[in-house]
There are 2 protein chains.
Amino acid sequence: MSSGRVSIRSVAKAAGVAIGTVSKSLNGDPEISEATRARVQQLARELGYHPMAQARGLARGRTGNVAVAVRSVFQPIFTSAFYSEVLAGVEAELERHDLNLLLTSLKRGDDLLHLASERRADGILYIGYDVEAAFLRELSASTPLVVIDGEAEGLSSVVSQNVEGSRVATRHLLSKGRRRLVFAAMTLAQPNFRARHVGFEEVLREAGLGSGPVVEGRSFADLYGALHALFASYRPDGVVCANDAVGYSVVQVLETLGVRVPEDVSVVGYDGTTGAEHRKTRLTTVAVDKQELGAAGVRVLLRQIQNPEAPPQQVVVPTQLEPGDTS
Amino acid sequence: MSSGRVSIRSVAKAAGVAIGTVSKSLNGDPEISEATRARVQQLARELGYHPMAQARGLARGRTGNVAVAVRSVFQPIFTSAFYSEVLAGVEAELERHDLNLLLTSLKRGDDLLHLASERRADGILYIGYDVEAAFLRELSASTPLVVIDGEAEGLSSVVSQNVEGSRVATRHLLSKGRRRLVFAAMTLAQPNFRARHVGFEEVLREAGLGSGPVVEGRSFADLYGALHALFASYRPDGVVCANDAVGYSVVQVLETLGVRVPEDVSVVGYDGTTGAEHRKTRLTTVAVDKQELGAAGVRVLLRQIQNPEAPPQQVVVPTQLEPGDTS
DNA sequence: CTGAAAGCGCTAACAA
DNA sequence: TTGTTAGCGCTTTCAG
């Protein structure tokens, strides 16, 4: 219980050395004798000294934090199971590098500019597919920046293997003998979903099955309407979904329509959302390593920070088919 | 496009004044003439000057960020829809006060101590029910701290109206003519859930119905087993759930058991989890204003920061019954 | 009303 | 090997 805050000066006084010596000792400067280093470190520990991050940062020219920026399009990122896990991955990797996570949800357009110009972070992790490429490119000229789960020319990014993952999902249904396949999504306006649709179409074409119908719908009700109509005319036997949320909706819709899953129709999702233990049915899905998506983003950013001149770098994280109860 | 970083000095030079004057002008010091203030502000804007957060913080003795600490017990907070929304509320309120959100998931026991001793944040928001009271009380002596969704003697906190909310839920089922009620939870080891159970029991007793059975289970399978057994012996006609996750599981279990909801059995959840639009059934629930939970936490913390001597303050956020399809 | 100067707590040259 | 000192970029007394 020392009175007031214990600063580097307290330690210096206690050790009978100059504050510079304390600094060097604590930072492992090789030019300090083993003896004093040990003594200073011991003393610092005893006094409970921890360098004040702000002061250290000011002197060293860095902040020790990384800003994670997310834009809320439909719903805030926070409520998305997918992005939440990405965030967890980011957090874990930052922690390993002794970096802090500054969370910002972008509201006004200049939020990011402020963050950057006030130098609150050493780099920016932009999470989301809705990339304003031109803006971010300009920003990335002055602040290291990596896009996670989105991409654009001239920007470092980390994405999942969208097209290939969807190919695997589609082939999986074909291997189950399904031939009348449908692609279901909340929307095709989202780049990742569109890429997954491309994979779906590619495989159908390769298999000589032509092009499959698409069902779009954001809610259970929308999907119900669309599938109801489609079933009347087309009688699909397999549904490839753009993500798990839609996948679970589709399963419920099919049950409501009196269609048995997977006996009559197979369903495959995308994402590998956790939390399935609370549900009756475990969706067959294309699992994305979301934590890895985040962690990889951090690693790319770190490289970018260390070498700001390095050219943008793209990383693709592999996916894996995860069989469940719906195929 | 000015070369290099634009600092306060650049502005001072451009305006032909001292840096102190720039600082005062920009911070609205009344002792500066309207004329120079305007000129400096104009110039600062033109040059794109933004004070560097770190330097400003060092001089002012604060950081401008608030640490949000979460402990991951069963699953990381990030993947919980409930906490994610709380986090969104925190974020929004912090933004209104020009504060940054430093997100930390507690792994090692001294993570928080580090954060505090390195003075990375002006205050701490601890989110979660698993409060290590003694530790946090000690910490709160040196750093303003507020617990959200948990509480303990001697700590500032914000919680939802657990007992009362559950009373309302239980009365709701009674008003629907239900008399054979069950309480379902993932576990009763969690304080919030226990409080909700208390509300449930109180109302039953008041209604002269004695005490109701309790069903515990973390997964669909567990709940299925427990409810299956219970239905054989007891034939409940209403289930009060400790939260929505359990509520949705219960609904699926009942459907699987061939019990109709709400015709045969009514189910009510707790939390008011968003994202129901992707589901067939909308659960009747006790809605907690999760954003408000977070925002209130920020406000209490701010008071604590401004007046560190103020005694701990407890805030209770009201709940509201939200009728759905399951009652 | 404005300028000068002393820090905020630390790091990193540069001396000694 | 250690001590001294000049900043890091800003705020804030205290003179002028």
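Going by the structure shown, is A:Arg299 among the basic types (Lys, Arg) and closer than 30 Å to A:Leu173 by Cα? For A:Arg299, the condition - among the basic types (Lys, Arg) and closer than 30 Å to A:Leu173 by Cα - is not met.
Taking A:Arg108 as the residue in question, decide whether it is among the basic types (Lys, Arg) and away from DNA strand C (no atom under 16 Å from the Cβ).
For A:Arg108, the condition - among the basic types (Lys, Arg) and away from DNA strand C (no atom under 16 Å from the Cβ) - is met.
Scanning region B:249-271 for residues that are buried (at least 24 other Cβ atoms within 10 Å of the Cβ) and more than 14 Å from B:Arg218 (Cβ to Cβ) yields B:Val251, B:Val265, B:Val267, B:Val268, B:Gly269, B:Tyr270, B:Asp271. Taking the listed residues A:Val146, A:Val182, the one that is modelled with pLDDT of 95 or more, away from chain B (no Cβ under 14 Å) and within 26 Å of A:Gln291 (Cβ to Cβ) is A:Val146, with no other qualifying.
Among the listed residues B:Ser117, B:Ser80, B:Ser175, which satisfies the condition of being more than 18 Å from B:Ala296 (Cα to Cα) and either surrounded by fewer than 18 Cβ atoms within 10 Å (Cβ to Cβ) or touching a Lys or Arg at 6+ places or on another chain (Cβ under 7 Å) (or both)?
Just a single option satisfies the conditions, and that option is B:Ser175.
The set of residues in region A:101-134 that are more than 23 Å from B:Ala121 (Cβ to Cβ), over 14 Å from the mean Cα position of the chain (by Cα) and charged (D, E, K, R) comprises A:Arg108, A:Asp110, A:Glu132. When residues in region B:52-72 are screened for being basic (Lys, Arg) and away from DNA strand D (no atom under 16 Å from the Cβ), 1 of them pass. Of everything listed in (1) of a type in the set (Lys, Arg); (2) closer than 22 Å to B:Ala59 by Cβ; (3) under 39 Å from the mean Cα position of the chain (by Cα), the single unmet condition for A:Arg9 is (3). Does region B:277-297 hold any residues that are in contact with a Leu (Cβ under 7 Å, 6 or more places away or on another chain) and within 14 Å of chain A (Cβ to nearest Cβ), and which are they? Within region B:277-297, just B:Gly294 meets the criteria. Residues of region B:191-227 that are without any contact (Cβ under 8 Å) to a residue 24 or more places away in the chain, under 27 Å from the mean Cα position of the chain (by Cα) and closer than 14 Å to B:Arg171 by Cα: B:Glu201 alone. Pairing residues of region B:23-34 that are in the same structural domain as B:Ala12 (by TED's automatic domain parsing) with residues that are not in a helix (DSSP H, G or I), at Cβ distances under 6 Å and at least 6 apart in sequence or on separate chains, gives B:Lys24/B:Ile32; B:Ser25/B:Ile32.
Among residues of region B:26-64 being closer than 25 Å to B:Asp122 by Cβ and among the polar types (S, T, N, Q), the one that is farthest from the chain's Cα centre (by Cα) is B:Asn27.
Looking across region A:38-51 at every residue that is more than 14 Å from every other protein chain (Cβ to nearest Cβ) and crowded, with 19+ Cβ neighbours inside 10 Å, the one that is nearest to DNA strand D (Cβ to nearest atom) is identified as A:Val40.
Okay, residues lined up against (1) at pLDDT below 95; (2) away from chain A (no Cβ under 14 Å); (3) more than 10 Å from DNA strand C (Cβ to nearest atom):
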| position | (1), (2), (3) |
| --- | --- |
| B:Gly28 | yes, yes, yes |
| B:Ala53 | no, no, yes |
| B:Gly57 | no, no, no |
| B:Ser72 | yes, no, yes |
| B:Pro76 | yes, no, yes |
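State whether one or more residues within region B:216-225 are more than 20 Å from B:Lys280 (Cα to Cα), assigned to a strand (DSSP E or B) and more than 11 Å from every other protein chain (Cβ to nearest Cβ). Yes, some residue in region B:216-225 is more than 20 Å from B:Lys280 (Cα to Cα), assigned to a strand (DSSP E or B) and more than 11 Å from every other protein chain (Cβ to nearest Cβ).
Here are some residues: A:Pro311, A:Pro323. Which one is modelled with pLDDT of 95 or more and either in the same structural domain as A:Gly154 (by TED's automatic domain parsing) or of a type in the set (A, V, I, L, M, F, W, C) (or both)?
Exactly one residue qualifies, and that residue is A:Pro311.
Residues that are touching a helix residue (DSSP H, G or I) at 6+ places or on another chain (Cβ under 7 Å) and either at pLDDT 90 or above or among the aliphatic types (A, V, I, L, M) (or both) within region B:101-112 comprise B:Leu101, B:Leu103, B:Thr104, B:Leu106, B:Leu112, listed in sequence order. Note on region A:243-292: residues that are among the hydroxyl-bearing types (Ser, Thr, Tyr), in a strand (DSSP E or B) and over 16 Å from A:Asn192 (Cα atoms) total 2. Selection of region B:106-136 for residues being more than 10 Å from chain A (Cβ to nearest Cβ) and among the acidic types (Asp, Glu) yields B:Asp110, B:Asp122, B:Asp130, B:Glu132. From the list B:Leu173, B:Leu230, B:Leu188, the lone residue that is part of a helix (DSSP H, G or I) and either free of Cβ contacts under 8 Å to residues at least 60 places away in the same chain or among the aromatic types (Phe, Trp, Tyr) (or both) is B:Leu230.
When we screen B:Thr36, B:Thr63, B:Thr21 for residues that are within 20 Å of A:Ser117 (Cα to Cα) and out of contact with any Leu (no Cβ under 6 Å at 6 or more places or on another chain), the only hit is B:Thr63. Taken together, the residues in region A:233-242 that are more than 14 Å from every other protein chain (Cβ to nearest Cβ) and either assigned to a strand (DSSP E or B) or of a type in the set (Val, Ile, Thr) (or both) amount to 3. Only residues that are of a type in the set (Gly, Ala, Ser) and under 22 Å from A:Asp110 (Cβ atoms): list them for region B:15-37, please. Once the filter is applied, which keeps residues that are of a type in the set (Gly, Ala, Ser) and under 22 Å from A:Asp110 (Cβ atoms), region B:15-37 yields B:Ser25, B:Gly28.
So in region B:1-26, with the set limited to residues that are within 14 Å of chain A (Cβ to nearest Cβ) and within 11 Å of DNA strand D (Cβ to nearest atom), which one is surrounded by the fewest Cβ atoms within 10 Å (Cβ to Cβ)?
Going through the qualifying residues, I end up with B:Gly4.
The values are calculated or read from the model by the stated rules, or taken from the named source; none is laboratory data. Please read these numbers as outputs of a predicted model, since none were measured by experiment. Heads up, the Cβs are rebuilt from the backbone with ideal geometry, glycines too, and the neighbour counts pull from every protein chain shown.
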